[in-house]
Amino acid sequence: MRTMRAWTSLSVTAALVLGGCASGGGTPGPVEWDSELDLGVPGEWIETVVDVEYYPACGNEVLTYEGDQWHPFTPSNLDDFPNDPRALATASLGFSRASAVVPAEAVPAVVVPAVVEPGPGDDIGTLSLYEGGFAHWTSRSGDLETWLTVSELEYWWAC
C-alpha cells in the first residue's frame, strides 16, 4: 500500500509539472517538424563568427558554440527578426526545410532513412549572435540556414 501511495504521489507530481510546462511561459513542449515558435525577438547584434562547423540536415541538430547549446527553430514571427548586413544574414531568413532534405529528383527508388552527406560548404558557415539568446547560422554554400535559440527545445522526430 505504501508503494502504491508513493507511485500515486509521483504520478500526480509529474502531471502537475508537465501541466505547468504546457500552460505557457518557459520552454515550449516537444516541437513538431512543422512547428513555428514565438520565442520573442532577437535583441541587438553582438558579433558574427565565420567558419563555424554545423550541419542542420534534419532541423533538430544542436549546435555547441563556446559552451552554449543552440537549438534550431522556425520563428512564427519572422517579420520581426533582424535583417542585419553586419550579421551576413540572407534575404530569406529562417530555416529552409526544403534545402535541408534530398531534392525529390535525387531520391532513390528505395528510400532508406538516413542523413544526406553535406555538400560542399553545407557543414561550415557563419554564426551571427544576438542579445536575448538568439543566433542565426548560414552555410557557406548558402543552401542551409536556421535561427537558433539557447532555450532548450525537445524535438519529436529523430534523424
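The values are calculated or read from the model by the stated rules, or taken from the named source; none is laboratory data. Since we're looking at a predicted model, the values are computed, not measured. As a convention, Cβ positions derive from the backbone with ideal geometry for all residues, glycine included, and neighbour counts pool all protein chains shown. Protein only, heavy atoms only, side chains kept; ligands, DNA and RNA dropped before computing areas. Shrake-Rupley method; radii C 1.70, N 1.55, O 1.52, S 1.80 Å.
Couplings 3J(HN,Hα) for region 52-59, derived from phi with the Karplus relation 6.51 cos²θ - 1.76 cosθ + 1.60 (θ = phi - 60°), are 8, 6, 5, 9, x, 5, 10, x Hz, where x marks Gly and Pro. The 1.4 Å probe gives accessible areas that order T146, T126, largest first, as T126, T146.
Computed with a 1.4 Å probe over protein heavy atoms only, the accessible area of E131 comes to about 100 Å².
Go through W45, W147 and list them by solvent-accessible area, largest first, probe radius 1.4 Å.
The ordering from most to least exposed comes out as W45, W147.
Each peptide among 30-41, 133-144 gets the average number of other Cβ atoms lying within 10 Å of its residues, and from highest to lowest they stand as 133-144, 30-41.
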